Amino acid sequence: MEKSDDRISKLPDDILHSILSMMPMKFIIRTSILSRRWRKLWKHIWAYATALDLGAEFASGQTPEEFVATVNRYLQLHKGKEIQIFRLPYIPCNPSDAEKWVEFAVEKGVKELDINFSQSFEES
């Protein structure tokens with residue numbers, strides 16, 4: 001079997017950032033399995049993303065505790081100055097987590113905040 005030439009990985013980071021920035025975050029994160037270089041690329045895209053959609057698809061396959069830990073970790077990775085959209089499918093039982101997330105959104109000057117306070121984790 002002949003090894004194929006990986007032309008995409010040879011592109012400069014700026015071009016790859018541009019391509020990745022047009023993709024949904026779940027697909028960007030999946031690119032991290034390609035190589036160490038791609039792992040760094042998705043983190044850069046996330047760090048400056050202006051739309052943080054941590055919706056039901058993001059939460060799927062996680063326990064409520066894992067979801068909270070993942071959201072907290074991803075919010076720590078975010079270095080951008082502003083966010084246009086911040087979406088969460090539910091609020092955890094611990095009000096302090098919800099308070100931290102809303103404070104994060106306010107600090108980033110979020111334009112559209114979509115948090116479903118009426119939905120439990122199991123329903124999301």
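At a glance:
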{"read-out": "Test set (1) in the same structural domain as Val106 (by TED's automatic domain parsing); (2) exposed (fewer than 12 other Cβ atoms within 10 Å of the Cβ) - Gln84 fails condition number", "value": "(2)"}
{"read-out": "Output for segment 71-80, where each listed residue is of a type outside the set (D, E, K, R) and assigned to a helix (DSSP H, G or I)", "value": "Val71, Asn72, Tyr74, Leu75, Gln76, Leu77"}
{"read-out": "Whichever residue in segment 100-124 is at pLDDT below 90 and in a helix (DSSP H, G or I) and, among such residues, is surrounded by the fewest Cβ atoms within 10 Å (Cβ to Cβ)", "value": "Glu122"}
{"read-out": "Some residue of segment 25-47 being more than 22 Å from Lys111 (Cβ to Cβ), in contact (Cβ under 8 Å) with a residue 60 or more places away in the chain and hydrophobic (A, V, I, L, M, F, W, C)", "value": "no"}
{"read-out": "Meets criteria (surrounded by fewer than 15 Cβ atoms within 10 Å (Cβ to Cβ), modelled with pLDDT of 85 or more, out of contact with any Ser or Thr (no Cβ under 7 Å at 6 or more places or on another chain) and not aromatic (Phe, Trp, Tyr)) for Glu57", "value": "no"}
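The values are calculated or read from the model by the stated rules, or taken from the named source; none is laboratory data. Predicted model, so just to flag it, every value in this text is computed and none were measured. Virtual Cβ from ideal backbone geometry, glycine too; neighbours counted across all protein chains shown.
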